[in-house]
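Q: Quick one: the structure is below, and I'll ask about it shortly.
The values are calculated or read from the model by the stated rules, or taken from the named source; none is laboratory data. Everything numeric in this text was worked out from a predicted model, so none of it was measured. Ideal geometry is used to build each Cβ from the backbone, glycine not excepted, and the neighbour counts take in all protein chains shown. SASA here: full protein model, heavy atoms, side chains in, ligands and nucleic acids out. Shrake-Rupley method; radii C 1.70, N 1.55, O 1.52, S 1.80 Å.
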Amino acid sequence: MADRVTVIGWDGSPLMDVARSALGAATLVAGAAHHLALPEVPPGAERIRLGSVDLAARRIAQHRGSAVVLADGDPGFFGVVRALRAPEHGLEVEVVPAVSSVAAAFARAGMPWDDAQVVVAHSRDLRRAVNVCRAHTKVAVLTSPGAGPAELALLLGPVHRTFVICEALGTEREQVTVLTSDKAADHTWRDPNVVIVIGGSGVAARTGTPTGAARGALQSGGWIAGRDPGYPGSVRGWALPAPAYATVLGEHESQQLRSFQLARLGPRVGDLVWDIGAGSGAAAVETAGFGAAVIAVDRDRDACERAETLARRFGVQLQVVHGAAPDVLEDLPEPDVVRIGGGGAPVVAACAARRPERIVTHATTRDEAEAIGAALEDGGYGVECLLLQSVELDTRVWAERERAVAFLLCGHRPHQ
């Protein structure tokens, strides 16, 4: 094993004394091509082009001498430190950090970033990064080849955002470009790059805008990095009663049914959720409150407008689509989980054909429940069915105020 392993972050600025000293004593240096070209790299040191970190780690583990690994930005922030410290390599490392590429990108834009989500985009799971951009108003995306600004823009589709694209930060080729997402697919972008994605309802008030093309920044922040749990419009709890929404909920939008639906859906950051037959939008808004991206679909235009109003009031991002299922579903991006508020077995079958992890719906009669259960089974889903009955009591006189009965059905893929 190497006598000493030092990981040095590089952000384009001159190396600190401690980094220069470690590099000068190195007998093995690993890094990208532009790292290995640095004048401080000893001419007699063995050089390893850093493609696969695992391969480099195995070579370092076999080396006798002092090894240095060079990486862009802060190597402890979505960087090589985690891979080098993995148990299979057994490497103990010293780290000399630099300014992370995310911090540098926001600095170039003149924006605060304590309220930003930070995601890593790879071609194999790019859609999850895109879903975070759908659901949140400020996101930094650490891109990779095949999962860059153009690919982000294409998958966002009709969800328009502002992109701040920071290419080759810290180098002579550095360039910062501000444009709308619909224009990003028309360009070829240099790697490496970081994309700051900004937009959504109420974004100007909460996130600020990039300097250069636009100006202004949020002056007051929250108390925790990422989205503040007390974001504007938030209310403690979920599956809230109708008065919390200051609107009339539909017959099948009871808070008790909604609570079970949300529990079975399990929405989380990175998910895309379809809410079909969204009604007033209460379920869609609460699903978005968990950090998931939500597309709310309803054939009633007034219902779509109510859902948009609720989303603005509660400070969450919804993509609202007016149209009748199942036809309107054909052009929607692939969902992770689906809530169906209406449409019966035909809509369930259409959703099952798109293979989400879970489908949650309800029925008011046993015949309808059996038809939905059959559609789920035909689609290859395991079926759970519960008969839910809730009784709301008036505690002033302890008398029944309202009773609700429904069949809750959940279809889950066999591996779930």
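Q: Compute the Rg/Rh shape ratio of the chain: radius of gyration over Kirkwood radius, all on alpha-carbon atoms.
A: 1.07
Q: Taking Cα pairs under 8 Å and at least six residues apart, what relative contact order does the chain come out at, in percent?
A: 11 percent
Q: Okay, next question. Using +1 at the Cβ of each Lys and Arg and -1 at the Cβ of each Asp and Glu in region 75-202, identify which of Leu155, Val80, Val120 lies farthest towards the dipole's positive end.
A: Working it through, the farthest residue towards the positive pole turns out to be Leu155.
Q: Can you give the % of DSSP beta bridges in region 50-190 that are antiparallel, to the nearest 5?
A: Taking every DSSP beta bridge within region 50-190, about 65 percent pair in antiparallel fashion.
Q: Identify the trypsin sites (Lys or Arg not before Pro) of region 27-81 meeting these criteria: DSSP loop state and at most 14 other C-beta atoms within 10 Å of the C-beta.
A: Filter output for region 27-81: Arg64.
Q: Turning to a different aspect of this structure: Over the chain, average the accessible area per residue using a 1.4 Å probe and give it in Å², no decimals.
A: That works out to 47 Å² for each residue.
Q: Taking 0.36 nm per residue of sequence separation and subtracting the Cα-Cα distance, how much length would be gained by fully extending the chain between Ala33 and Glu88, in nm to one decimal?
A: Stretched out fully, the Ala33 to Glu88 stretch lengthens by 17.2 nm.
Q: Specify the inter-centroid distance of region 372-393 and region 94-168, based on alpha-carbon positions, in whole Å.
A: 39 Å
Q: Let me ask another. Which cross-chain or sequence-distant (5 or more) residues have an amide H under 5 Å from the amide H of His63, H modelled 1.01 Å from N in plane?
A: Ala2
Q: Counting only DSSP beta bridges with both residues in the chain, tell me the antiparallel percent, nearest 5.
A: Close to 50 percent.
Q: Quick check: from the Cα gyration tensor, does region 271-368 come out rounded (a/c under 1.5), prolate or oblate?
A: prolate
Q: Test of understanding: extend the Cα→C-beta vector of Glu330 to 7 Å, then name every residue of region 347-377 with backbone N under 15 Å from that spot.
A: Only 350-351, 354 fall inside the zone, counting backbone N under 15 Å.
Q: Let me ask another. Checking the a/c ratio against 1.5 first, then a/b against b/c, what shape does the Cα gyration tensor give for region 102-175?
A: oblate
Q: Express the carbon and sulfur contribution to the solvent-accessible surface of region 356-416 as a percent, rounded to the nearest whole number, probe 1.4 angstrom.
A: Here carbon and sulfur together make up 47 percent of the probe-accessible area.
Q: Hey, another quick one. Taking 56 Å as R0, compute the FRET efficiency from the Cβ-Cβ separation of Ser390 and Thr171 and round it to 0.05.
A: 0.35
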